[in-house]
Amino acid sequence: MTVHFGVVSLGHVLGDPVDVAAAAPDYTDDVDRVLGWGFRTFHRAKDGVGLTDLAAEAGAKALGDAGVQPHEVDLVVLAMSDLSEHLYWDAAGATQAKIGAHGSENVLLTQACGGGVAAFDVVAGKFATHPDYQTALIIGANRVCEPYWNRMEINTSIFSDGAAAAVVRRDHPRNRWLNTEIISDGRYADFMMMDVGAAARPFAGQQDVEVKSPQKRLEEFFAGDIRKMFEFVSTIRTNNHEVVRRSCRRAGIEPADLRKLLHLHDSVPAMTLLAKDLEHGPEWTNTDVSQAYGHVGCADQLMSLEHYLTTEELTEGDVVALTSTASGMHWLCTLLAI
């Protein structure tokens, strides 16, 4: 069954802007390495502002821009890439309540930085099985849990707080969903895992715990086996462009036909390498937006899409790819026809 829907409107919210060069010494001893990633600014939410607060604000902006009332929303898909405010708690339900979309179905995605891309596939499935659903709200949100997550030490990007939302409607003719492809490899499910804090090893009193640096994770996960480390890095690189090729084949086009590739907001070297693997230069990607916003988890692709639509760098007839790599591991690509 073919499902047709498109993005009607977009909205986003960010924390307060912070200069990377000025703040870097507070987060890392290797300032030169961080500055080499090319980020100029990251965004940090005020104390007391939670993930669902950011998600609800972005969702309300997108709904307002579309002229859609909250009670008209049939489906809310919330993707989150860090912890929400509470355990034993439904962040999607809390976001729905804050928006006022009380009649909608809610879905929560926790595929880390890939949730905002995967959400389009969820909408396609729900629209296929619920012919009465007309309007969905996709939200990607990230609020760094700083006691456990160092914004500048966990990956090759600088993490920001914010959220982005898209109102999508059945049979909308613009910004149409073409397909979503996802490659998953559960052999690496434990790679980003925090050792304690959940059912297997609950917290016991006050503990100084955080997610480990990439180097420590590589050494521990692969037990010092250099060959397996290189295999893992090679798999990440290969699947980053393979998932794009698969989506393009399903759409009957080539990667060269894509107007833009909107990847997670990674470093300049990482974005440049991905573009090179697909025979393009870095200007083909959303590197400029990435460096201005920082990595806003699973909200990145929607933020970049909004930017290029607003600046009219994307016009009718263009095809764009929203792509991501997510711990788990997952590689994702959603194609949209502008």
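Which distance in nm do the two modelled labels at residue 21 and residue 184 give, with both placed 7 Å along the Cα-to-Cβ direction?
A separation of 4.4 nm, rounded to one decimal place.
What does the range 179-337 give for Rg and for Dmax, in Å, if only its C-alpha atoms count?
That works out to 17.7, 57 Å for Rg and Dmax.
Starting at the first residue of the range 3-14, write each ³J(HN,Hα) from the Karplus equation 6.51 cos²θ - 1.76 cosθ + 1.60 with θ = phi - 60°, in whole Hz, x for Gly and Pro.
In residue order, the calculated couplings are 10, 10, 7, x, 7, 8, 7, 9, x, 8, 9, 10 Hz.
Of the DSSP beta bridges with both residues in the chain, give the percent that are antiparallel, rounding to the nearest 5.
For the chain, the DSSP antiparallel bridge percentage is about 70.
Could you provide, to the nearest whole Å², the per residue accessible area of the range 15-134 with probe 1.4 Å?
On a per-residue basis, 46 Å².
Give me the percent of the accessible area of the range 179-337 that comes from carbon and sulfur atoms, probe 1.4 Å, all protein chains in place.
Carbon and sulfur together cover 51 percent of it.
Could you give the accessible area per residue of the range 179-337, probe 1.4 Å, as a whole number in Å²?
With the other protein chains kept in place, the range 179-337 gives 46 Å² per residue.
Only Cα pairs under 8 Å and at least 6 apart count here; give the relative contact order of the range 179-337 as a rounded whole percent.
Across the range 179-337, relative contact order equals 34 percent.
Calculate, in nm to one decimal, what residue 194 and residue 223 gain on full extension: separation in residues at 0.36 nm each, minus their alpha carbon distance.
Difference between extended and current length: 8.8 nm.
Treating only the Cβ of Lys, Arg, Asp and Glu as charged (+1, +1, -1, -1), what charge dipole size does the chain show about its Cα centre? Round to the nearest 20 debye.
680
Please give the Cα centre distance for the range 161-185 versus the range 129-151, rounded to the nearest Å.
If we compute the Cα centre of each part, the gap is 12 Å.
Take every Cα pair under 8 Å in the chain that's 6+ residues apart, average their separations, divide by the length, and report that relative contact order as a whole percent.
Taking the mean separation of contacting Cα pairs over the length of the chain, I get 25 percent.
The values are calculated or read from the model by the stated rules, or taken from the named source; none is laboratory data. Remember, predicted model here, so these are calculated numbers, not experimental data. Positions of Cβ are backbone-derived with ideal geometry, glycine not excepted, and every protein chain shown enters the neighbour counts. Remember, those area values only see protein heavy atoms, side chains included, never the ligands or the DNA or RNA. Shrake-Rupley method; radii C 1.70, N 1.55, O 1.52, S 1.80 Å.
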